[in-house]
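Chemist: If you scroll down you'll find the structure; I have some questions about it.
The values are calculated or read from the model by the stated rules, or taken from the named source; none is laboratory data. This is a predicted model, so every value here is computed, not measured. Cβ coordinates were reconstructed from backbone atoms using ideal geometry, including for glycine residues, and neighbour counts include every protein chain displayed.
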Amino acid sequence: MASTSPPSPSPFAQTFFHGTKAVLKLGELIQPGYNSNFGQGKNAKHIFLTATLDAAIWGAELALGEGRERIYLIEPTGPLEDDPDLTDKIFPGNPTKSYRSQHPFKVVGEVTLWQGHPKEQVQVMKERLAKLKEQGISSLNEE
């Protein structure tokens with residue numbers, strides 16, 4: 001797994017997104033230790049971010065819980081590594097620019113205008129994830 005340091009502040013720093021249903025405030029920290037949206041639903045040792053809006057939209061659409069889907073702009077506070085579920089299993093080379101960390105992310109904004117995937121496409125993805133869970137295929141993110 002490739003590991004990378006968070007970008008240093010600059011007017012051209014990489015933008016990172018976090019899709020969720022959680023209601024968060026500016027300045028709040030997103031931290032590991034809460035129930036994972038994927039895998040066996042255990043307390044997650046990692047938290048996730050992406051550098052693509054599309055991947056963040058999927059994160060929001062597939063997030064557990066009730067409430068409105070949200071996408072936050074976040075800043076990592078520590079090193080990042082490739083998300084092994086996506087980069088090792090589904091999208092080698094990490095074209096989704098999906099990462100994980102054991103260090104908090106700071107909420108610095110919210111994307112309020114975005115278009116989700118068609119409801120049918122989201123339902124198909126949820127059914128695929130449910131089938132994987134039934135087959136006992138778990139997430140690498142719980143290691």
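Chemist: Please list, ordered by first then second residue, the pairs with beta carbon atoms under 6 Å, 6 or more apart or interchain, first in the stretch 46-64 and within 16 Å of Asp82 (Cβ to Cβ), second assigned to a helix (DSSP H, G or I).
Modeler: Every condition considered, the pairs that remain are His46/Asn141; Thr50/Ala56.
Chemist: Let me ask another. Only residues that are within 14 Å of Val111 (Cα to Cα) and at pLDDT 95 or above: list them for the stretch 25-52, please.
Modeler: The answer is Lys25, Leu26.
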